[in-house]
Amino acid sequence: MKKVYKSTLVVLASLFLLGSCTPQANNKAGTTKSPIEYVNPYMGNISHLLVPTYPTVHLPNCMMRVYPERADFTGDRLGGLPLIVTSHRGSSAFNLSPYQGDESGLQPVIPLSYDQEKLTPYRYQVYLDEQNIDVDFAPSRQSAVYSLTFENEAPSYLVFNTRRGEIEVNGNAVSGFQYIEGNTKVYLYAEIDKTPEKVGTLTDGAVKTDVLKKEGENAAVVMAFPSNVGKVGVRYGVSFIDVEQAKKNLQREIAAYDVDVVAKAGQNAWNQALDKIEVEGGTEDDKTVFYTSLYRCFERPVCISEDGRYYSAYDGKVHEDGGRPFYVDDWIWDTYRATHPLRALIDAQKEGDIINSFLLMADQMGTGWMPTFPEVTGDSRRMNSNHGVATVIDAYRKGVRGFDLAKAYEACRKGIEEKTLIPWSGKPAGWLDEFYKEHGYIPALRPGEKETVPNVSVWEKRQPIAVTLGTSYDQWCLGQIAQELGKKDEANYYLKCSYNYRNVFNPETGFFHPKDKDGKFITPLDYRYDGGLGARDYYDENNGYIYRWDVQHNIGDLVSLIGGNDKFTAALDDMFNTPLGMSKWQFYSTLPDHTGNVGMYSMANEPSLHIPYLYNYAGKPWMTQKRIRTLLTQWFRNDLMGVPGDEDGGGMSAFVAFSQMGFYPVTPGMPSYNIGSPVFTSMKMHLSNGKTFEIKANNASPENKYIQSARLNGKELNQAWFNHSDIMDGGVLEVEMGPKANKSWGTATPPPSAAPMP
């Protein structure tokens, strides 16, 4: 039976918040602390080096997102109040600056000193201590509401700003648009519950009451109120279609200027989402880390369907959605690894809708290519490889439907065969691609050799090892889709291509090593540092120690290449124990993304996430258990520096959630999971089909991190993995935990790898 988090306001709020992305109520009765109460949006808000996490206020996978507009967590000024953040890690579109004082102090965006900030995923409260204004905010799905209490006996103002666009004031209503990028606009319609004394546009610090519309950079309009105005309510809707739709979104979702009502409905929506996974045991901090990580898995992608329509930046048109929500803003290079697999377990319908959205984008772009970084403003083609193919085969093999597999195959095939493999490029295939098809690897430039291939970024470079390994995996995924479709010849062809990583393996060093166009290894080479800034001349963001393991689909073959179980696990140990060899500032000036170090291992970047589980493939599951617990303890904590690197909208957080639960999808596309070390004594995952998968970790604790024995669905289990089919009808994995390793447990059969080369 699902929990219900009761409130006299929930029923009323739900009436206001019904929309195309509204989840169905799905909670269970009776709890002393709801999942959302464990979420700490400030976790990781101070970065070790790179982009920190943001304390995002939003509902699960919804387009209305905001966070405090400041330089970083330590900044003591807000750049006004945000009205919508249109992309993950982006700045706000539109801005609201409340102000009390002389009119001469008005600016398009007013720096606001603040204190007493309180933030949850569904509500934001702050006190503007120089202005003496209380702020209270809550979001719905495509609308939101502010309550502003002006305490001073001074003239009061609201300044609405668009950074680049047009804005208009008419009585107590404000409307306009802002260009985000290219031809993509976001529209605003806002209403205020008090009638202003005067309204106008802000020009050269003065309010022009005879001009009510303004356009351009930092265009702003002003509403002026008397000194005794007290509390002012602002409610508004946003849209990617037009102002009229923004108004409809507001009217559909928010019927009054009541922050409490909207916040309570948001709280309920979050509990419905987070309660799909229940945990018991562990510490309070463990639960906070877990539910905060799970909350971040709902930040992207976002549904932008509005009353059955959506604007697509992929062709610049408004489309009917046919009754299915359309999703954008997904950085697939990061999220294919664990965020998509997690969603396939707990929300298969949404995962199917997301993949269907990818296929619509492929059509709308005119190329038929599967997107790689589908943002609100279009496919930005960031990073390398074409990992959308992994989301397709992984979802399909785990029972997700709702998309056309044959159409997905063509989109993925074209994205790999017709689009260039050059990183950060959306151009058609060229010489480098033909070279890869003929020789099975991307050639590297020798030191001092000038780039002659068009479209190679002077910053991002060729990334030859990262692209060769990533494409080998993508081609394995593509072959698996071909197999599902009964395309035998294509399946065999792409299976053969999936072994292309062998072409850059150096048997003398046991590393993947860049080769030039003549097939010669580039020497000398230091796998710790070489490759220029971010190692992009050879790898990408991480060094050769990380890309040594980037063969997700065929770890069994990698074990053989490196020399068998003992040499393989010794190589893993060596990575975790090789020192930086220089000062941290020197190391990070070369490899700024390679943070969260344990030796040469980087906990802060997505290509590292599967690596701790690889001991399972070589007869040492106990070392996976040790590494996972150590890494979770060292790098993911309930504090401001509790995330070691770029979180990337669920990319890293899904690793944390899976690892705390006790299992992980090392190979998306292969319907099996590696077993790690459960943190909680009990975990119940409510699957999309209505069944429940449970992990009982008897005696689990910080000290008791080693599995002594295991039973899966009542049968003894002596392997450190299980199949997706073992849990989808409901299942129980029961493990006995202890303080010392049982080195014989889990060694009977290694996890599955790719089939032999045809």
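Since every read-out is calculated from the coordinates, none of them should be taken as a lab result. Everything numeric in this text was worked out from a predicted model, so none of it was measured. Every residue, glycine as well, gets a Cβ built from its backbone with ideal geometry; the counts of neighbours run over all protein chains shown.
Which entry is the computed Kirkwood radius over Cα pairs in Å for this structure: (i) 27.0; (ii) 28.4; (iii) 40.6? Step by step, Kirkwood radius over Cα pairs in Å for this structure corresponds to label (i). Please work out whether the range 453-508 counts as rounded, prolate or oblate from its C-alpha gyration tensor, where a ≥ b ≥ c are the square roots of the eigenvalues and a/c under 1.5 means rounded, while otherwise a/b larger than b/c means prolate and anything else oblate? Since a/c reaches 1.5 but b/c is at least a/b, the shape of the range 453-508 is classed as oblate.
In what order do Phe512, Phe358 fall by count of nearby beta-carbon atoms within 10 Å, going from fewest to most?
Details: Phe512 29, Phe358 25.
Fewest-to-most Cβ neighbours within 10 Å comes out as Phe358, Phe512.
Using the Cβ-Cβ distance between Gln349 and Thr633 with R0 = 35 Å, the FRET efficiency computed as 1/(1 + (r/R0)^6) comes to roughly 0.50. Here the label points at Glu449 and Lys567, each 7 Å from Cα along the C-beta direction, are separated by 2.7 nm in the simple model.
Anisotropy class assigned to the range 119-212 is oblate, per the alpha carbon gyration tensor with a/c at or over the 1.5 cut-off and a/b no larger than b/c.
Among 383-389, 71-77, 329-335, 249-255, sorting by the average number of other beta carbon atoms lying within 10 angstrom of each residue, highest first, gives 383-389, 329-335, 249-255, 71-77. Placing +1 on the Cβ of every Lys and Arg and -1 on the Cβ of every Asp and Glu, with nothing else charged, gives the range 54-128 a dipole about its Cα centre of roughly 380 debye.
Taking all Cα pairs closer than 8 Å and separated by 6 or more residues, the relative contact order of the range 54-264 comes to 20 percent. Counted by neighbouring Cβ atoms within 10 Å, the residues Asp550, Asp540, Asp489 run from fewest to most as Asp489, Asp550, Asp540.
Computed from point charges on the beta carbon alone (+1 for Lys and Arg, -1 for Asp and Glu), the dipole magnitude for the range 333-382 about its Cα centre is near 160 Debye.
Taking the Cβ of Gly534 as the center, what net charge do the other residues with Cβ under 11 Å away carry, scoring Lys and Arg +1 and Asp and Glu -1?
On the way: positive: Lys461, Arg536; negative: Glu460, Asp537, Asp540, Glu541, Asp593.
Value of the local net charge: -3.
Over the chain, Cα pairs under 8 Å with separation of 6+ residues give a relative contact order of 12 percent. Would you mind classifying the range 54-264 by shape? Square roots of the alpha carbon gyration tensor eigenvalues, ordered a ≥ b ≥ c; an a/c under 1.5 is rounded, otherwise it is prolate if a/b is larger than b/c and oblate if not. Verdict is rounded for the range 54-264.
Rounded to the nearest 20, the size of the Cβ-charge dipole of the range 54-264 about its Cα centre is 820 debye, with Lys and Arg at +1 and Asp and Glu at -1.
Among the listed pairs Lys287/Lys715; Lys350/Lys407; Lys419/Lys520; Lys185/Lys247; Lys419/Lys517, which are separated by more than 25 Å between their Cα atoms? It would help to have the intermediate numbers written out before the result.
On the way: Lys287/Lys715 29 Å; Lys350/Lys407 19 Å; Lys419/Lys520 27 Å; Lys185/Lys247 15 Å; Lys419/Lys517 21 Å.
Long pairs (Cα-Cα over 25 Å): Lys287/Lys715; Lys419/Lys520.
Positive end of the dipole of the chain (Cβ unit charges, origin at the Cα centre): among Val456, Thr335, Ile84, the Cα lying farthest that way belongs to Thr335.
Projecting the Cα atoms of Ile304, Cys477, Cys412 onto the charge dipole of the range 279-675, computed from C-beta unit charges around the Cα centre, puts Cys477 farthest toward the positive end. Ranking of His48, His594, His610 by neighbouring Cβ atoms within 10 Å, starting from the fewest: His48, His610, His594.
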